[in-house]
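No lab work stands behind these numbers, since they all come straight from the coordinates. Fair warning: this is a prediction, and the values are worked out from it, not measured in the lab. Note: ideal-geometry Cβ built from the backbone for every residue, glycine included; neighbour counts use all protein chains shown.
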Amino acid sequence: MEANHIKTCDELLKDYLSNNEFPQNPEKLVFAGVGDRDVYNITAPFEDDGEIVIAGRVESRDSEQSEVYFFINQSNVWVPKSNAPVLPLQDPFVTKIAGQLIIGGVQTFPHSSIEGALGWRTVFYKGDNLTGLKEFAKGPDGMKDLRLIQLSDGTIGVFTRPQGDKGGRGKIGFTRLASLDDLTIDAINNAPLLDNQFTDEEWGGANELHLLKNGSVGVLGHIACFDDEGNRHYYPMTFVLDPETGRHTPLRLLTTRSHFLPGEAKRMDLIDVVFSGGLIRKADGNAEFYAGISDAEAQKITVKDPFLKFEV
């Protein structure tokens, strides 16, 4: 196979299924305190003022009007953290840059030219903690899956996901900035695309970024496609990028919907959707993978650490 061959979802799935090391110990996360709304597309747990917190998308089953809540664990039930903000966003993500907590998500708004439709953009907040969050940046209209990471030299790595003329249904770009002050619409739009990741019929994006011991970036993301009936298939994937050269490893699937517990779906076309939330890497060579399932639930599962071999 040629070095520049772009593997489709089906090809990546065949590669994955040929591997005998499948995830273990799937578990549904239980949420309370948000009425009868679903909680999905969660982050991995992170610390805020000494408490372990998960951010999650909270939404009625028949709606896409979403809020992001911050939850703490009480007797194996995740409940809203007192005094934490509720943000008018979808699909939260979290990182730390220069010692500050960075929270982001997707903001929706009435489309500028299509009546009755919604537009969207990525919005970023920062603060010393959740109660101190203040909005500090917005991405371009029409762009989801913008992600930030502080690199080993202190610069900021930015992963983008343009659509349309530049990115088709959605491809990943990468650029480096001197600081968060340089996070502008132009800087985001000008980020070069990474090569050989997605065909024009499929799409993907970055969801969570890990700084590896050698300075490379471990990317947890997703690749997605439609089948002939119009159903969506979302697969969690990983790759590793060298921020100095822009070179990256091929995409590899992390798991599939079939390895999680059975559950409900928001719609019939979303049954086979795993939306990557985050990874907690463990000392034993495994990792806890947190994900949104079928746009209706949140689960976690134990996987082999996908970045460990790239830290040698």
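Things to note:
- Filtering region 244-264 to residues that are in contact with a Leu (Cβ under 6 Å, 6 or more places away or on another chain) and either charged (D, E, K, R) or surrounded by fewer than 21 Cβ atoms within 10 Å (Cβ to Cβ) (or both) leaves only HIS248.
- Flag for ALA287 being crowded, with 22+ Cβ neighbours inside 10 Å and free of Cβ contacts under 8 Å to residues at least 40 places away in the same chain: yes
- Filtered residue count, region 230-262, keeping only those that are more than 18 Å from PRO306 (Cα to Cα) and among the aliphatic types (A, V, I, L, M): 1
- Spans of strands (runs of 3 or more DSSP E) in region 1-85 with at least 1 residues in contact (Cβ under 8 Å) with a residue 12 or more places away in the chain and touching a His at 6+ places or on another chain (Cβ under 9 Å): 24-28
- Selection of first residues in region 139-160 that are more than 30 Å from LEU118 (Cα to Cα) and of second residues that are in a loop (DSSP other than H, G, I, E, B) and of a type in the set (Asp, Glu), restricted to Cβ pairs under 6 Å at least 6 apart or on distinct chains, gives an empty result.
- Failed item, numbered, when PHE46 is tested on (1) crowded, with 18+ Cβ neighbours inside 10 Å; (2) more than 18 Å from the chain's Cα centre (by Cα): (2)
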